[in-house]
Amino acid sequence: MDRVTWRTQVLSNHLNQPSMSSPLSPNPCVGFSPPELSEPFEFDTKEMRKLLDAHNLEDRDWLFGLMKQSKLFNPREAGGRVFVSPDYNQSMEQQREMTMKRIAYLLDRGVFEGWLTEKGVEAELRKLALHEVIGIYDHSLAVKLGVHYFLWGSAILFFGTKRHHDKWLRDTENYTIKGCFAMSELGHGSNVRGIETVTTYDSNTGEFVINTPCESAQKYWIGGAANHATHTIVFSQLNISGKNQGVHAFIAQIRDANGNICPNIRIADCGHKIGLNGVDNGRIWFDNVRIPRENLLNSVADVSPDGQYLSAIKDPDQRFAAFLAPLTSGRVTIAVGAIYSSQISLAIAIRYSLTRRAFSVTPKGPEVLLLDYPSHQQRLLPLLAKTYAMSFAANHLKMIYVKRTPELSKTIHVVSSAFKATLTWHNMRTLQEKTENRIGPLKGEYDVQSTFEGDNNVLMQQVSKALLAEYIAAQKRSKPFKALGLEHMNKPCPVIPSRLTSSTLQSSQFQMDAFCLRERDLLNRFAMEVSERQKQGESKEYSVILSYQLAQDLGRAFSDRTILQTLLDAEAGVPSGSLKNVLAMLRSMYALICLEEDLAFLRFGYLSTDNVAAVRKEVSRLCGELRPHALALVSSFGIPDAFLSPIAFNWIDANSWSSVQH
């Protein structure tokens, strides 16, 4: 029977159905079947979760349970399950109120204990783990706490000295003081050095005087400022005896204990946003606000009672760099939070695609599961592999951050800049693939990650400038590279085979060679182009700006290569067996999808057109290899069912008429 005849018969049968006693009599309908019944796990998902979360699994599960217990976290029943997630249909004012109630609930149960007063690697890792779990529930809640603990609190911790620690840290940890972080201004965001707020010193009274001299100097988009913050860290130019000493950080009170705005302070609400409406962003003006001399955070520089400027760091550039330390912790938490958001969206999307069917390939055959379509595999499984790779990269970033030393400062700055940009861009790309249910609001919640704590494009240029500085230093010293993973530059240039077979493409040696070849060549090209522009009379700074295309390509190459190395390190630490085999598949998919997506490999001739075609074919083949492991891979994320979405489970029951009545 041809398809036209078959379709005509189907329509005829439909139109000429015999009468039934009830129009709602049971007929064969689409049914839901849990994917676990047909998708066996071939590796230990608990062991995989240990690799992904890396630390504090018991603390994470404790906090998941704590949130599921309270009605404050908006539990609702759907499809026979209970789910918790914020109610994004609430007004801005209601969402802000719920954020504060949830903070109070978590505070009472000791979640924030030791976040600022306990020292050491274990305390920092616990804080990061709990903050990650909070972000899985609600980005607004995580951002509100991030501003208070990781920006305001870290500024006091890093910029302050014992007098500040003794006075402010305990009350900050207990949320008696509510802090915010006033760095960005209407006229200056990424260019912190250009901020226009001015602070002078009055030696007669021993006070600093903070002033907003013009409208572009108003502090802008300050999280926590609109409603709740009692204090802020003010970043301001410090003018001593007519000389500008550059940007410094001060503590200023902006509200009293009853929530009344302090004298000479003006605050405006930034209003409703496309996301993060649980965070009260505001604008602040300072009208000659006087603060005690002791409120200068003085670990880098100080002012004596008689008005003398004192600093052990004489170089203004080095002094300015020291003032940007808290932004590193912000970039770390943003990068990690982006990956957990990607995990949520992929867990929902893949579980749904393993139960939802559409169209049949034969006239009377069953409809096909979404994830059995090669096109759907191509949409989701490369993103899954990237999310795995970037999960290991995020763990690497956390570890170098919590074990930081002065010698690691440059590495942490460069890696956190690269990963913050790469991981947040990846998250938005991942969220774009699915819009149903919980994922739609997440797009509005996470879009801002591309710009706050450093615009991603600017951060990538900073990465390339740091690599260029290493290149120039190595050339001048005639010594080998020994930082930022550039040691591969000391070895002979890798050679890519003229014909790439499947086994070659899945070889970790080939994958790393390809990534190193790209980074090496782009760094050489970038250095050469900047040098040529300088020879033509341009300044070094402007030459770098004009070479922005190569700078962006180089930043991506550095990030991709560093991420691949973290995945290789994770794979190397696993004994032979099914877990290692799956990691190898994910590593190959990650490497090859990077080769396919980055036009630099074709543009600069690292791969021939035939080899690019071979890469594309291998990506498709790897999709088929990863398909049987899809459910196990998202189950390994360890995110409790309650923190996903009804559409990830029995989406038929969750959308039934009885659920509407309920």
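Please work out if L554 is within 27 Å of the chain's Cα centre (by Cα), within 21 Å of Q475 (Cα to Cα) and not aromatic (F, W, Y). Write out each step before concluding.
Working: within 27 Å of the chain's Cα centre (by Cα): yes; within 21 Å of Q475 (Cα to Cα): yes; not aromatic (F, W, Y): yes.
So L554 fits the description; yes.
Counting only residues that are open to solvent by 20 Å² or more (accessible area, probe 1.4 Å), of a type in the set (V, I, T) and part of a helix (DSSP H, G or I), how many does the range 427-485 have?
Result for the range 427-485: 3.
Let me confirm something: among L408, L384, L346, which residue is of a type outside the set (D, E), closer than 21 Å to I563 by Cβ, part of a helix (DSSP H, G or I) and free of Cβ contacts under 8 Å to residues at least 12 places away in the same chain?
Numbers: L384 fails: free of Cβ contacts under 8 Å to residues at least 12 places away in the same chain; L346 fails: free of Cβ contacts under 8 Å to residues at least 12 places away in the same chain.
L408 is the lone residue from the list that is of a type outside the set (D, E), closer than 21 Å to I563 by Cβ, part of a helix (DSSP H, G or I) and free of Cβ contacts under 8 Å to residues at least 12 places away in the same chain.
So, R163, is that one surrounded by fewer than 18 Cβ atoms within 10 Å (Cβ to Cβ) and in a helix (DSSP H, G or I) or not?
Numbers: surrounded by fewer than 18 Cβ atoms within 10 Å (Cβ to Cβ): yes; in a helix (DSSP H, G or I): yes.
Criteria met by R163.
If you scan the range 132-158, which residues turn out to be open to solvent by 10 Å² or more (accessible area, probe 1.4 Å), touching a residue at least 60 places away in the same chain (Cβ under 8 Å) and farther than 16 Å from V279 by Cα?
E132, F158
If you scan the range 297-340, which residues turn out to be more than 28 Å from the chain's Cα centre (by Cα) and either closer than 16 Å to Y401 by Cα or among the small types (G, A, S) (or both)?
Result: S299, A301, S304, G307, S311, A312.
For the range 105-131, give me the residue count where each residue is free of Cβ contacts under 8 Å to residues at least 24 places away in the same chain and not in a loop (DSSP other than H, G, I, E, B).
Here is the first cut: in the range 105-131, the residues free of Cβ contacts under 8 Å to residues at least 24 places away in the same chain are 108, 110, 118-120, 122-123, 127.
Checking the rest, the ones that are also not in a loop (DSSP other than H, G, I, E, B) come to 108, 122-123, 127.
Qualifying residue count for the region: 4.
I'd like the full set of residues that are within 34 Å of the chain's Cα centre (by Cα) and not in a strand (DSSP E or B), limited to the range 190-213.
S190, N191, V192, R193, G194, I195, E196, T197, T212
Which pairs do you get when a residue that is under 18 Å from F637 (Cβ atoms), found in the range 349-361, comes within reach of a residue that is among the β-branched types (V, I, T) and open to solvent by less than 40 Å² (accessible area, probe 1.4 Å), reach meaning Cβ atoms under 7 angstrom, with the pair 6+ apart or on two chains?
As it stands, the answer is I350/V634; R351/V634; Y352/I647, since those pairs meet every condition given.
Can N655 be described as under 30 Å from D87 (Cα atoms), more than 27 Å from the chain's Cα centre (by Cα) and either open to solvent by less than 50 Å² (accessible area, probe 1.4 Å) or at pLDDT 95 or above (or both)? Lay out the reasoning, then the answer.
Values: under 30 Å from D87 (Cα atoms): yes; more than 27 Å from the chain's Cα centre (by Cα): yes; either open to solvent by less than 50 Å² (accessible area, probe 1.4 Å) or at pLDDT 95 or above (or both): no.
Criteria not met by N655.
Could you please tell me which pairs satisfy a Cβ distance under 7 Å, a separation of 6+ or placement on different chains, a first residue in the range 553-581 that is closer than 13 Å to A393 by Cβ and in contact (Cβ under 8 Å) with a residue 24 or more places away in the chain, and a second residue that is among the polar types (S, T, N, Q) and surrounded by fewer than 17 Cβ atoms within 10 Å (Cβ to Cβ)?
Cβ pairs passing all conditions: L568/S508.
Return the residue satisfying two criteria in turn: it lies in the range 192-202 and is aliphatic (A, V, I, L, M) and open to solvent by less than 20 Å² (accessible area, probe 1.4 Å), and of such residues it is nearest to L238 (Cα to Cα). Step through it out loud before you land on a result.
Keep residues of the range 192-202 that are aliphatic (A, V, I, L, M), which gives 192, 195, 198.
Filter once more, keeping what is open to solvent by less than 20 Å² (accessible area, probe 1.4 Å): 192, 195.
Values: V192: 13, I195: 11 Å.
By that ranking, first place goes to I195.
Every residue in the range 66-117 that is β-branched (V, I, T) and open to solvent by 10 Å² or more (accessible area, probe 1.4 Å), please. Don't jump to the end; show me each part of the working.
Going residue by residue through the range 66-117, those that are β-branched (V, I, T) are 82, 84, 99, 103, 111, 117.
V82, T117, listed by residue number.
State whether the residues of the range 222-237 include one that is surrounded by 18 or more Cβ atoms within 10 Å (Cβ to Cβ), over 34 Å from the mean Cα position of the chain (by Cα), not β-branched (V, I, T) and not in a helix (DSSP H, G or I).
As a first pass, look at the range 222-237 and keep what is surrounded by 18 or more Cβ atoms within 10 Å (Cβ to Cβ): 222-237.
With the extra rule that they be over 34 Å from the mean Cα position of the chain (by Cα), the set shrinks to none.
No, the range 222-237 contains no residue that is surrounded by 18 or more Cβ atoms within 10 Å (Cβ to Cβ), over 34 Å from the mean Cα position of the chain (by Cα), not β-branched (V, I, T) and not in a helix (DSSP H, G or I).
For the range 264-284, how many residues are in a strand (DSSP E or B) and open to solvent by 30 Å² or more (accessible area, probe 1.4 Å)? Break it down into steps so the answer makes sense when it comes.
Narrowing the range 264-284 to residues in a strand (DSSP E or B): 265-269, 281-284.
With the extra rule that they be open to solvent by 30 Å² or more (accessible area, probe 1.4 Å), the set shrinks to 266-267, 269, 283.
Looking only at that region, the number is 4.
Here is a check on your reading of the model: is S375 open to solvent by less than 20 Å² (accessible area, probe 1.4 Å) and in a helix (DSSP H, G or I)? Before you say what the answer is, go through the steps one by one.
Working: open to solvent by less than 20 Å² (accessible area, probe 1.4 Å): no; in a helix (DSSP H, G or I): yes.
Against the criterion (open to solvent by less than 20 Å² (accessible area, probe 1.4 Å) and in a helix (DSSP H, G or I)), S375 does not qualify.
Between N490, N427, N456, which is without any contact (Cβ under 8 Å) to a residue 12 or more places away in the chain and in contact with a Phe, Trp or Tyr (Cβ under 7 Å, 6 or more places away or on another chain)? Steps first, please.
Working: N427 fails: without any contact (Cβ under 8 Å) to a residue 12 or more places away in the chain; N456 fails: without any contact (Cβ under 8 Å) to a residue 12 or more places away in the chain.
None of the other options fit; the residue is N490.
Please tell me if M585 is open to solvent by 10 Å² or more (accessible area, probe 1.4 Å) and not acidic (D, E). I'd like the intermediate steps shown before the answer.
Numbers: open to solvent by 10 Å² or more (accessible area, probe 1.4 Å): yes; not acidic (D, E): yes.
In short, yes.
Which one of these does T205 not meet: (1) closer than 17 Å to V303 by Cβ; (2) crowded, with 16+ Cβ neighbours inside 10 Å?
T205 satisfies all of (1) closer than 17 Å to V303 by Cβ; (2) crowded, with 16+ Cβ neighbours inside 10 Å except (2).
Name, by its number, the condition in (1) more than 18 Å from K243 (Cα to Cα); (2) open to solvent by less than 30 Å² (accessible area, probe 1.4 Å) that does not hold for P292.
The failed condition is (2).
For the range 309-323, does any single residue satisfy the condition of being at pLDDT below 95, in a loop (DSSP other than H, G, I, E, B) and open to solvent by less than 20 Å² (accessible area, probe 1.4 Å)?
Yes: the range 309-323 contains one or more residues that are at pLDDT below 95, in a loop (DSSP other than H, G, I, E, B) and open to solvent by less than 20 Å² (accessible area, probe 1.4 Å).
Any chance you could count how many residues in the range 246-263 are assigned to a strand (DSSP E or B) and open to solvent by 30 Å² or more (accessible area, probe 1.4 Å)?
Number satisfying all stated conditions: 2.
Out of the range 180-191, which residues are surrounded by fewer than 24 Cβ atoms within 10 Å (Cβ to Cβ) and either at pLDDT 90 or above or of a type in the set (S, T, Y) (or both)? Spell out how you get there, then give the answer.
Filtering the range 180-191 for residues surrounded by fewer than 24 Cβ atoms within 10 Å (Cβ to Cβ) gives 184, 186-191.
Scanning the range 180-191 gives S184, L186, G187, H188, S190.
List every residue pair whose Cβ atoms lie under 9 Å apart, where the two residues are 6 or more positions apart in sequence or sit on different chains, the first residue falls within the range 596-612 and is open to solvent by less than 50 Å² (accessible area, probe 1.4 Å), and the second residue, located anywhere, is aromatic (F, W, Y) and in a helix (DSSP H, G or I).
Pairs that qualify, where the first residue is open to solvent by less than 50 Å² (accessible area, probe 1.4 Å) and the partner is aromatic (F, W, Y) and in a helix (DSSP H, G or I), are L607/F601; N611/F601; V612/F601.
Can we say D553 is more than 21 Å from R429 (Cα to Cα) and open to solvent by 20 Å² or more (accessible area, probe 1.4 Å)? Spell out the reasoning first.
Values: more than 21 Å from R429 (Cα to Cα): no; open to solvent by 20 Å² or more (accessible area, probe 1.4 Å): yes.
For D553, the condition - more than 21 Å from R429 (Cα to Cα) and open to solvent by 20 Å² or more (accessible area, probe 1.4 Å) - is not met.
The values are calculated or read from the model by the stated rules, or taken from the named source; none is laboratory data. Note that this is a predicted model, so its numbers are computed, not measured. So basically every Cβ, Gly included, is an ideal-geometry build from the backbone, and we count neighbours across all protein chains shown. Side chains are part of the model used for accessible areas, which takes the heavy atoms of the whole protein and leaves out ligands, DNA and RNA. Shrake-Rupley method; radii C 1.70, N 1.55, O 1.52, S 1.80 Å.
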